[in-house]
1. I'd like the residue in the stretch 178-189 that is among the small types (Gly, Ala, Ser) and outside any strand (DSSP E or B) and, out of all such residues, is surrounded by the most Cβ atoms within 10 Å (Cβ to Cβ).
2. Looking only at the stretch 115-160, which residues are of a type outside the set (A, V, I, L, M), closer than 26 Å to ASP188 by Cβ and touching a Lys or Arg at 6+ places or on another chain (Cβ under 8 Å)?
3. Which of the residues spanning the stretch 78-137 are in a strand (DSSP E or B) and over 20 Å from the mean Cα position of the chain (by Cα)?
4. Name the single residue, out of those in the stretch 110-138 being in contact with a helix residue (DSSP H, G or I) (Cβ under 7 Å, 6 or more places away or on another chain) and among the small types (Gly, Ala, Ser), that is farthest from TYR203 (Cα to Cα).
5. Pull out all pairs, ordered by first then second residue, where Cβ-Cβ is under 7 Å, the residues are six or more apart or on different chains, the first lies in the stretch 204-226 and is over 21 Å from ALA189 (Cα atoms), and the second is of a type in the set (Asp, Glu) and buried (at least 19 other Cβ atoms within 10 Å of the Cβ).
6. Sort through LEU66, LEU100 and tell me the only one that's surrounded by 13 or more Cβ atoms within 10 Å (Cβ to Cβ) and under 18 Å from LEU212 (Cα atoms).
7. Suppose we filter ILE60, ILE47, ILE31 for residues that are among the β-branched types (Val, Ile, Thr), touching a Ser or Thr at 6+ places or on another chain (Cβ under 9 Å) and farther than 30 Å from LEU195 by Cβ; which single one remains?
8. How many residues are surrounded by fewer than 20 Cβ atoms within 10 Å (Cβ to Cβ) and within 25 Å of ASN210 (Cβ to Cβ) if we restrict to the stretch 49-61?
Amino acid sequence: MNRHILDKECIVCHRTYGMDEVELTCPQCGIEGILDVRYDYEYIRGIFTDHLKREPRQDIFRYGPLLPLRRGGRIPVIPVGPTPLYKVDRMAKKLGMTSLYIKDDGRLPTASFKDRASAIAVARAHELGISLICAASTGNAAASLAGLTAPEGITSVIFVPESAPPAKIAQLLTFGAKVFAVRGSYDDAFELSMLAAKKYNWYSRSTAVNPLLSEGKKTGALELLD
């Protein structure tokens, strides 16, 4: 990996792993062993301002030194971000606030901030040479994954509980996703997606186990500071 990334650290036992050593949770602690990406902030502090001045991109990959990806890797075709920030004085007054701003992530490709996470998942799948990403979802995360993988040559496989709204399933199918309705709850769909990912070496787009997804979501905050 690049110099800006140190490793991943388990939040339970604090063992550390190389970025390519473990992809999801800590092998010692299992599903509870969520990994946290650690960066070399001293190094990043020395290069980040100049990086932003030179970087022509305006989407979330503008913040490369603060993302868990290799430099120069393939990134999604569909741009994700930036999104506008609105000052809403009337709402602030109604709520008794001095000032209030709303960041409109409804402008993202599938109208959800989940696109920020899905874009990182797609980029990481390209790095690993994986052509299939799976997820368990009944809402925005599934639509986001299906929408962003559609032009990438990556298949999205979505596990949904059989009670999922037909309109949402139709949206996933429109994007070309393979959808499996699971008898039971969301938890059952999630468990099956994890079993499939392990058995078939699929990449999992699940925030519960994939430490890279929150790294995509933080770009909303980075845009506020940019």
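1. Of the stretch 178-189, the ones among the small types (Gly, Ala, Ser) are 181, 184-185, 189.
Of the ones still in play, those that are also outside any strand (DSSP E or B) are 184-185, 189.
Values: GLY184: 12, SER185: 12, ALA189: 24.
Ranking the qualifying residues of the stretch 178-189, first place goes to ALA189.
2. Correct list: SER118, CYS134, THR138, GLY139, ASN140, SER144, THR155, SER156.
3. Our first condition is that a residue be in a strand (DSSP E or B); within the stretch 78-137, this holds for 85-87, 101-103, 132-136.
Once the filter is applied, which keeps residues that are in a strand (DSSP E or B) and over 20 Å from the mean Cα position of the chain (by Cα), the stretch 78-137 yields LEU85, TYR86, LYS87, TYR101, ILE102.
4. Here is the first cut: in the stretch 110-138, the residues in contact with a helix residue (DSSP H, G or I) (Cβ under 7 Å, 6 or more places away or on another chain) are 110, 112-122, 133-136, 138.
Next, from what is left, pick out any that are among the small types (Gly, Ala, Ser): 112, 117-119, 121, 135-136.
On the way: SER112: 21, ALA117: 14, SER118: 12, ALA119: 13, ALA121: 8, ALA135: 9, ALA136: 12 Å.
Going through the qualifying residues, I end up with SER112.
5. Correct list of pairs: GLY220/ASP105.
6. Details: LEU100 fails: under 18 Å from LEU212 (Cα atoms).
It is LEU66.
7. Details: ILE47 fails: touching a Ser or Thr at 6+ places or on another chain (Cβ under 9 Å); ILE31 fails: farther than 30 Å from LEU195 by Cβ.
ILE60 is the lone residue from the list that is among the β-branched types (Val, Ile, Thr), touching a Ser or Thr at 6+ places or on another chain (Cβ under 9 Å) and farther than 30 Å from LEU195 by Cβ.
8. Keep residues of the stretch 49-61 that are surrounded by fewer than 20 Cβ atoms within 10 Å (Cβ to Cβ), which gives 49-59.
If we keep only those that are within 25 Å of ASN210 (Cβ to Cβ) as well, we get 57, 59.
Final tally of qualifying residues: 2.
Bear in mind that the values in this text are calculations on the coordinates, not laboratory data. The structure presented is a predicted model; accordingly, all values stated were derived computationally and were not measured. Because the Cβ atoms are built from the backbone with ideal geometry, glycine has one as well, and the counts that use them run over all protein chains shown.
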